[in-house]
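The values are calculated or read from the model by the stated rules, or taken from the named source; none is laboratory data. Here the structure is a predicted model, which is why all the values come from computation and not from measurement. Quick reminder, even Gly has a Cβ in these numbers, built from the backbone with ideal geometry, and neighbours come from all protein chains shown. For the accessible areas, the whole protein counts, side chains as well, though only heavy atoms, and no ligand, DNA or RNA atoms are used. Shrake-Rupley method; radii C 1.70, N 1.55, O 1.52, S 1.80 Å.
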Amino acid sequence: MTKRRPPLLQIREANYTRLCSEKTILTVNGEFPGPTIFARKGDVVLVNVHNQGDRNVTIHWHGVDQPRNPWSDGPAYITQCPIQPGNTFTYRIIFSEEEGTLWWHAHSDFDRATVHGAIVIHPRRGAAYPFPKPHREVPIILGEWWNRDVGQMLAEALSSGGDFQPSDANTINGQPGDLFPCSSDTTFKLPVEHGKTYMLRIINAALTNEFFFAIAGHRLTVVGTDAAYTKQFTVDHVFIGPGQTKTVLLNADRGRSNHTRYYMAARPYATNPLARFDNSTTTAVLEYIDAPQATAMSDIPALPAINDSAAAEAYSVQLKSLASEEHPVDVPRLVDEHMLITIAVNEIPCTPGELCKGPRNNSLAASLNNVSFEMPSTAILGAYYTSVLLGVAKTNFPDNPAVAFNYTTDDLPLDLRFTARDTRVKLLEYGTVVEVVFQDTSILGSESHPMHLHGYSFYVVGRGAGNFDRHKDPATYNLDDPPYQNTVSVPKAGWAAIRFQAANPGVWFMHCHFERHMVWGMETVFIVKNGKAEEAKIMPPPPNMPKC
């Protein structure tokens with residue numbers, strides 16, 4: 001493995017103007033979005049993160065397995081204490097099997113709204129893409145912009161028990177686009193030449209929105225998802241959940257037509273009518289620079305309706321692993337641990353004497369198997385490594401919901417709305433093959449959920465509508481070439497089944513990548529024990545781990 005050392009990443013405040021007004025945001029090196037990190041498959045990259053901001057921060061390398069190295073994974077109070085203002089921490093990023101598009105982001109409070117950037121992992125030297133090399137590669141980062149300070153917004157929502165304020169604009173590469181005031185001069189523009197192919201590395205960095213993305217007059221060929229290659233398929237639009245990445249090829253074949261400038265656009269896919277969301281469309285411009293001087297602009301590309309679950313599913317079911325000799329699949333066939341995990345937005349009774357702004361004057365919460373995760377005040381990894389875990393967390397996260405019910409009906413008893421806070425984790429023996437079925441529920445509204453697992457990619461072996469049937473649905477699994485992902489969008493009022501072998505020892509966070517759901521408690525932790533061999537044990541901690 002080669003070693004690369006990119007520049008120091010400095011977390012610091014900077015002034016940015018969007019939507020006709022200026023505000024101070026947290027950035028990396030003054031950039032929004034932040035700088036792209038480049039690597040090759042198998043590299044080890046050291047990143048020095050210096051916190052020059054005014055709040056505690058961590059950085060997560062989303063989708064990087066970090067074999068035996070949970071110390072550099074990044075989620076605050078799970079694998080590390082935050083980097084305090086004025087302090088520096090060196091992350092050691094170990095790229096192993098990943099190849100393609102990933103990203104990095106803050107994993108503390110709502111800081112990832114502006115603290116995020118792309119990770120590009122090229123093939124090893126001497127290896128090639130499983131398709132002709134494109135003329136150029138371009139990150140396309142989908143995100144959101146709030147006119148307010150996101151930290152203040154988070155504090156107010158948590159103190160009131162109510163929902164979060166939707167963003168004021170959706171963005172492409174940090175820009176809202178032509179449809180917003182004071183934005184047309186800064187709209188992101190992608191220059192292309194007729195007849196050439198471009199690789200778009202699409203990243204959904206949004207806190208609250210899944211997106212449909214398209215480019216007027218052009219189709220997109222999907223070749224990868226979450227740093228794993230897929231069988232190619234061509235679509236009019238891409239569906240992408242928060243945390244996910246899609247690598248697509250764009251053939252610039254329209255530069256001789258009447259239009260020389262084409263809109264690219266993204267708008268949300270929002271499935272829960274009870275939840276507040278920003279339904280705006282963000283735009284950017286694809287511009288043929290070798291075309292005649294005419295600058296006619298296309299219309300906005302046709303995108304599915306904002307609640308079009310059929311379109312989201314039609315896209316998702318086309319994802320399949322490449323399953324070639326150079327990029328094989330290894331789907332576990334025999335399962336040791338079966339888990340059915342229900343996903344829900346819930347209520348917690350308001351403290352007597354207070355007026356909460358959630359449903360029925362209660363506080364909003366979220367849960368997995370009706371356990372609403374309570375974040376500890378010290379890192380779980382450090383407690384586990386020093387054998388004091390039981391002072392920080394319980395090891396009895398349930399394998400199944402405590403009560404079985406018709407999870408997706410619209411007529412649920414009111415008592416199912418309630419949950420309770422607790423810090424519960426799941427212990428796994430090294431080498432265990434795990435199947436997790438994520439089951440959406442209609443408690444406070446069914447919706448699609450992007451579920452992300454740290455430390456692992458997994459095979460999405462099945463998905464379906466309604467309630468999972470353990471007797472019938474496994475017969476529909478794809479065990480030949482299922483997609484290999486780190487974040488799966490669980491369908492609204494449906495289920496998704498994933499499989500992985502717990503061969504990466506450590507403490508690994510699993511959570512919904514809707515930020516409001518995560519802070520409400522829609523998460524848990526997998527602790528994978530050491531194996532017997534030395535190369536199957538957690539590495540020792542670095543000497544400069546931040547302190548709580």
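Below are the figures for this structure:
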item: Spin-label model distance (nm) - residue 236 vs residue 274, 7 Å beyond Cα toward Cβ; result: 3.3 nm
item: Square roots of 5 times each gyration tensor eigenvalue, C-alpha, segment 14-111, largest first, Å; result: 25, 17, 11
item: Shape of segment 317-434, Cα gyration tensor, a/c cut at 1.5; result: oblate
item: Per residue value of the accessible surface for segment 359-485 (all protein chains in place, 1.4 Å probe), Å²; result: 42 Å²
item: Kirkwood hydrodynamic radius over Cα pairs of segment 263-305, then Stokes diffusion coefficient at 10 °C and 1.306 mPa s, in µm²/s; result: 123 µm²/s
item: Using alpha carbons only: equivalent-ellipsoid semi-axes of segment 101-213, gyration tensor based, whole Å; result: 33, 19, 10
item: Summed side-chain charge close to residue 129 - residues other than residue 129 whose Cβ falls under 12 Å, Lys, Arg +1, Asp, Glu -1; result: 0
item: Per-residue HN-Hα couplings for segment 71-81 [Karplus 6.51, -1.76, 1.60; θ = phi - 60°; Hz; x = Gly/Pro]; result: 4, 9, 6, x, x, 4, 6, 9, 10, 7, 7
item: Burial order of peptide ranges 363-374, 8-19 (average beta-carbon count within 10 Å, highest first); result: 363-374, 8-19
item: Intensity falloff of segment 405-476 expressed as log10 I(q)/I(0), Debye formula with alpha-carbon point scatterers, at q = 0.18, 0.24, 0.28 Å⁻¹; result: -1.02, -1.29, -1.34
item: Percent carbon-and-sulfur accessible area, the chain, ignoring ligands, DNA and RNA, probe 1.4 Å; result: 49 percent
item: Calculated P(r) of segment 341-498 - Cα pairs past 29 Å, %; result: 25 percent
item: Cysteines without a disulfide-compatible partner [the chain; Cβ-Cβ under 4.7 Å]; result: 512
item: All lysines inside 24 Å of residue 547 as judged from Cα atoms, apart from same-chain residues fewer than 8 positions distant; result: 394, 529, 537
item: Solvent-accessible heavy-atom area per residue, rounded to whole Å², over segment 40-180 at 1.4 Å; result: 29 Å²
item: Protection-proxy order for peptides 120-132, 262-274, 502-514, each taking the mean of Cβ atoms within 10 Å per residue, highest first; result: 502-514, 262-274, 120-132
item: Spatial extent of segment 454-548: Rg and Dmax, with the Cα atoms as the point set, Å; result: 16.7, 51
item: Potential lengthening between residue 52 and residue 415 on full extension [0.36 nm per residue; Cα-Cα distance subtracted]; result: 126.0 nm
item: Whole-percent pair-distance distribution, where bins are 20 Å wide, for the alpha carbons of the chain; result: 22, 59, 18, 0
item: Spatial separation of Cα centroids for segment 225-253 and segment 331-376, in angstrom; result: 32 Å
item: Dimensionless Rg ratio for segment 164-295, taking C-alpha atoms and the 2.2 N^0.38 Å reference; result: 1.09
item: Whether segment 208-359 is rounded, prolate or oblate, judged on the alpha carbon gyration tensor where a/c under 1.5 counts as rounded; result: oblate
item: Approximate spin-label separation residue 545-residue 251, in nm, with each point projected 7 Å along Cα-to-Cβ; result: 5.2 nm
item: P(r) histogram, all alpha-carbon pairs of segment 100-141 included - 10 Å bins from 0, percent; result: 22, 41, 22, 14, 0
item: Kirkwood Rh (inverse of mean 1/r, distinct Cα pairs), segment 208-257, angstrom; result: 11.8 Å
item: Whole-Å distance, taken between Cα centres, linking segment 481-504 and segment 417-461; result: 10 Å
